[in-house]
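Please read the structure below before turning to the comments.
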Protein chains: 2
Amino acid sequence: MSRFDQQPTDKLFKALESASPQDELPATATLLDAVRFNADGLLPAIAQQHDTQEVLMMAWMNREALEETLNTHRVCYYSRSRKKLWRKGESSGQQQHLKSAALDCDGDTLLLQVEQTGPACHTGRRSCFYLSLTHEHATINSEPLINPDELYGKQ
Amino acid sequence: MSRFDQQPTDKLFKALESASPQDELPATATLLDAVRFNADGLLPAIAQQHDTQEVLMMAWMNREALEETLNTHRVCYYSRSRKKLWRKGESSGQQQHLKSAALDCDGDTLLLQVEQTGPACHTGRRSCFYLSLTHEHATINSEPLINPDELYGKQ
């Protein structure tokens with residue numbers, strides 16, 4: 001039992017702002033009840049390669065995807081286009097294994113530290129953030145590691 | 001004139017998947033017309049400290065905030081609660097200066113490399129992602145650098 005267990009769900013993240021590393025916190029199930037999924041029941045999840053710290057991608061999770069990710073350590077998102085769970089790498093083979101996860105201060109965004117096999121991006125690039133932008137110009141900042149046709153078995 | 005300038009707006013990011021660092025790309029204004037802001041006109045923007053690579057926060061930008069950020073190099077978000085532009089640090093003093101920006105493959109998320117003065121989080125912590133989560137337990141992973149009452153002039 002933690003001193004935060006008495007907090008109503010909608011005040012839990014506010015109460016946790018003053019918590020310390022030494023504090024006992026509510027169980028994960030209690031925190032997940034308080035997570036601020038959006039109107040579609042989704043939460044943005046940022047994936048960062050745990051050792052190099054490169055930000056690889058951002059995708060969405062519903063509660064089921066988040067629970068599965070925490071339980072299995074294999075990262076599972078929710079595909080908004082396919083409207084179903086998307087176990088990263090299920091078609092490309094480029095899986096993400098969870099090293100650690102953290103919610104932000106208001107409980108509406110997740111940061112994942114992952115071990116990414118090969119490219120995270122469906123274009124075959126390591127990271128999805130390959131389109132660099134200044135106020136005037138844009139440039140492509142990286143080349144594919146693998147031909148995307150190979151990733152998805154078209155060759 | 002780039003070979004991608006003939007692409008219709010809704011196919012531009014798809015066409016850019018095959019672009020290389022050597023390619024001339026459309027001007028930023030053209031890309032911004034193609035950016036996939038959500039139904040509220042907003043885009044998630046991840047802020048990463050450019051040298052340590054720590055992910056500091058995620059917030060939202062409308063087109064005006066993004067243009068201002070690219071033009072001034074001082075990071076400006078859109079506050080969903082206050083429903084107006086939010087020049088990071090305007091009340092706390094903890095500004096973010098833009099080093100570089102990149103869009104992701106489908107043009108609906110932005111990654112910012114920033115120089116963050118002091119804490120990025122309103123709780124006084126360096127990063128907003130301080131609530132670590134496993135399948136059973138949660139822990140606070142960092143202490144405030146500064147008392148938040150000092151940040152917002154309450155002391």
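The values are calculated or read from the model by the stated rules, or taken from the named source; none is laboratory data. Quick caveat: nothing in here was measured; it's all calculated off a predicted structure. We place every Cβ from the backbone using ideal geometry, glycine too, and count neighbours over all the protein chains shown. Just so you know, the surface numbers come from the protein's heavy atoms only, side chains and all, with ligands and any DNA or RNA stripped out. Shrake-Rupley method; radii C 1.70, N 1.55, O 1.52, S 1.80 Å.
Structural remarks
- The number of residues in segment B:21-30 being more than 20 Å from A:V55 (Cα to Cα) and either open to solvent by 20 Å² or more (accessible area, probe 1.4 Å) or in the same structural domain as B:A101 (by TED's automatic domain parsing) (or both) comes to 6.
- Unique match (being within 18 Å of A:R126 (Cα to Cα) and of a type in the set (A, V, I, L, M, F, W, C)) among A:A29, A:A59: A:A59
- Filtered residues of segment A:126-147 (kept if in contact with a strand residue (DSSP E or B) (Cβ under 9 Å, 6 or more places away or on another chain) and not hydrophobic (A, V, I, L, M, F, W, C)): A:R126, A:S127, A:Y130, A:S132, A:T134, A:T139, A:N141
- 3 or more residues crowded, with 16+ Cβ neighbours inside 10 Å and either at the interface with chain A (Cβ under 8 Å from one of its Cβ atoms) or without any contact (Cβ under 8 Å) to a residue 24 or more places away in the chain (or both): qualifying strands (runs of 3 or more DSSP E) within segment B:42-146: B:43-49, B:55-61, B:96-103, B:131-133, B:138-140
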